[in-house]
1. Quick check, is residue 177 in contact with a helix residue (DSSP H, G or I) (Cβ under 9 Å, 6 or more places away or on another chain), closer than 30 Å to residue 103 by Cβ, β-branched (Val, Ile, Thr) and modelled with pLDDT of 75 or more?
2. Taking interchain pairs and intrachain pairs at least six residues apart, which have beta carbon atoms under 7 angstrom, with the first residue in segment 178-194 and over 9 Å from residue 133 (Cα atoms) and the second assigned to a helix (DSSP H, G or I) and among the aliphatic types (A, V, I, L, M)?
Amino acid sequence: MVNGWWITGRRWLVASVLFVTGLACATAQTEETDTTFAITPDSVLIQKLHEIDSIVRREDSLKLQKPAMNADTLIRRALKHRDWSTWRPSPQRALWLALVLPGGGQIYNRKYWKLPIVYGGFMGCIYALTWNNMMYKDYAQAYLDIMDDDPGTASYNKFLHLGRQITKDNEERYKTVFKKRKDRYRRYRDMSFFVMVGIYGLSVIDAYVDAELSEFDISKDLSLKVSPGVISTPRSPHDNPLQASSVGLSCQLNF
């Protein structure tokens, strides 16, 4: 809105100055001779005003559209001229993305097929961690209930088979069973957490190594040729070359 008022004001100012200047010139020419009116100063003045107004309009439109045109042009050129076949990821950027967001390094390296492996491992570890933690809490509470003398705390009954009861004869055996299961699920819970941390570390290492090896030369010039060969190892100039030679394999690596 401010730019529109500014442009309109400039046009009126230029038109007013030119109009006053034209009137002054026409008056001066009228005083000198009457033949000046044959030149038709009004039509010349109107033509000049139209020319100046068109120039002002062009300059103002360029000033208003230049930033947008430049931004659009830069974006289009960047998208148009980027050759993804020759693009190589940065190992440092892949490392930081993988540290901040699990799987972010694989997305940056454009290895999308690795995402199901990474996120599948995380989801499996989270499920195992939740399940083992729940079972550990249940068996820990059952073990505490069977160890006390309060008959009102009997949460261990939900782990018994149908028709089974805990008596004085089998109480010690059930105490051992509940203690072993409590310790087992606690160990599984902790193991699930460490496996999840390991998957996170492997995803970070994979993203960094994958970006680092993106510039590794895998052209057709790399080749390994294995062929039989004769290795000559004479001990002295007087030794028989046939006796001092041995048969082996020759490996030739081209790179």
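1. no
2. Listed by first residue and then by second, the contacts come to 178/142; 178/146; 182/140; 192/128; 192/129; 193/129.
The values are calculated or read from the model by the stated rules, or taken from the named source; none is laboratory data. The model shown is predicted, which means the values in this text are computed figures rather than measured ones. Note: ideal-geometry Cβ built from the backbone for every residue, glycine included; neighbour counts use all protein chains shown.
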